[in-house]
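In what follows, a structure is listed as structure tokens, so that the remarks can point back to it.
Rule-based calculations on the coordinates, nothing more; no lab input. Every value quoted in this text rests on a predicted model; they were computed, and no experiment measured them. As a convention, Cβ positions derive from the backbone with ideal geometry for all residues, glycine included, and neighbour counts pool all protein chains shown.
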Amino acid sequence: MRKRRKSKLKNVFLLLCGLIALNLGTAVYFIHMEGGSSLLPQAEKTKSQLVRDDFDPDTISSPYVYLMSRHSKEPLFDKKSNQKMYPASMTKIMTVLLGVENLDNLEQQIDLPDNFGKLILKNASMAGFSPGEAVTAKDLLYGALLPSGADACMGIAVAVSGSESKFVKKMNQKAEEIGMVNTHFVNEDGLHDPDHYSTVKDIALLLDYALDNKTFYKIFTTQKYQTNPNQMHPEGMVFISTLVHSTDHTSFKNGKILGGKTGYTDQAGLCLASLGVKHNEFYILVTGGAPGTNHTEPLHIEDALNIYGNYLR
């Protein structure tokens, strides 16, 4: 009888241990999906375990590429990652990060500047806000990142720092703090300027840092967002991620692109900073300089799907 009782107790104990381990494993997954850092140890995988050695790099159109593991921070694909390039709208990752970090109440009303003239003259991408419109900070953050609105970026800059010039100074200070040693910002929206430059490695470091913020993570991985109604937009506006707008699929074998910030100017080419997951491993991929325009084949997205799908194991 005692042996049976001990055997039953042992089985119950093992069952409980299994359930606890399963729940902790699930918790780690969802913590990571929310952008947080797991406090539990994870099995370290070597580069050879994560990538294929028979991948043809000539199938990549982008001249600048940097792929890193979010867990180990190890570079897995490096192609001119420290060479100066123009980040275009990938700049808005920094703009939204500073907005998230400095605007404590995301429901607060912010009055937009009463003139978007310079943005219109430069043919900047716009979210659709009106000059002088009163909108929530939350709507501005989504408007900057999803439809890549320069009008939203201007609103964030003025709300955070009082002026665009002071905000740009804050951007460069943050870049130095993160370790973006080959980056210099001139504006908050990524419109071309010879002195506004970065590297794909620096943008990857920025995105990796930003994704640790849960609010930023949620915005970055959102595909569709409805703004609050107001007097100028009584039914609100619907924002669609430029990543989703540019392609009809973001999935690949055993994984998916969870979120991304596209970019384009004539000088920058097609750019993409993205977060991908494959076999529950999380990756950051930044590419720049792909040929084409916003109206041609999205080679920057095809590069991402190729690297995530075929280069990663």
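Looking at segment 260-313, which of the residues that are of a type in the set (Lys, Arg) and closer than 19 Å to Thr222 by Cα is surrounded by the most Cβ atoms within 10 Å (Cβ to Cβ)?
Lys261
Look through segment 277-295, keep the residues that are over 20 Å from Asp266 (Cβ atoms) and in a loop (DSSP other than H, G, I, E, B), and return whichever of them is farthest from the chain's Cα centre (by Cα).
His279
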All positions within segment 273-302 that are of a type in the set (A, V, I, L, M) and within 11 Å of Ser246 (Cα to Cα): Leu299, Ile301
Taking Ala124 as the residue in question, decide whether it is more than 21 Å from the chain's Cα centre (by Cα), surrounded by fewer than 22 Cβ atoms within 10 Å (Cβ to Cβ) and hydrophobic (A, V, I, L, M, F, W, C). no
Cβ-Cβ under 7 Å pairs, at least 6 apart or on other chains, segment 98-121 side among the polar types (S, T, N, Q), far side part of a loop (DSSP other than H, G, I, E, B): Asn115/Pro131
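Considering segment 249-259 alone, what residues qualify as being crowded, with 22+ Cβ neighbours inside 10 Å and assigned to a strand (DSSP E or B)? Give the derivation first.
Of segment 249-259, the ones crowded, with 22+ Cβ neighbours inside 10 Å are 250, 257, 259.
Listed by number, the residues that qualify are Ile257, Gly259.
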So is Lys166 of a type outside the set (Phe, Trp, Tyr), part of a helix (DSSP H, G or I) and surrounded by fewer than 18 Cβ atoms within 10 Å (Cβ to Cβ) or not? yes
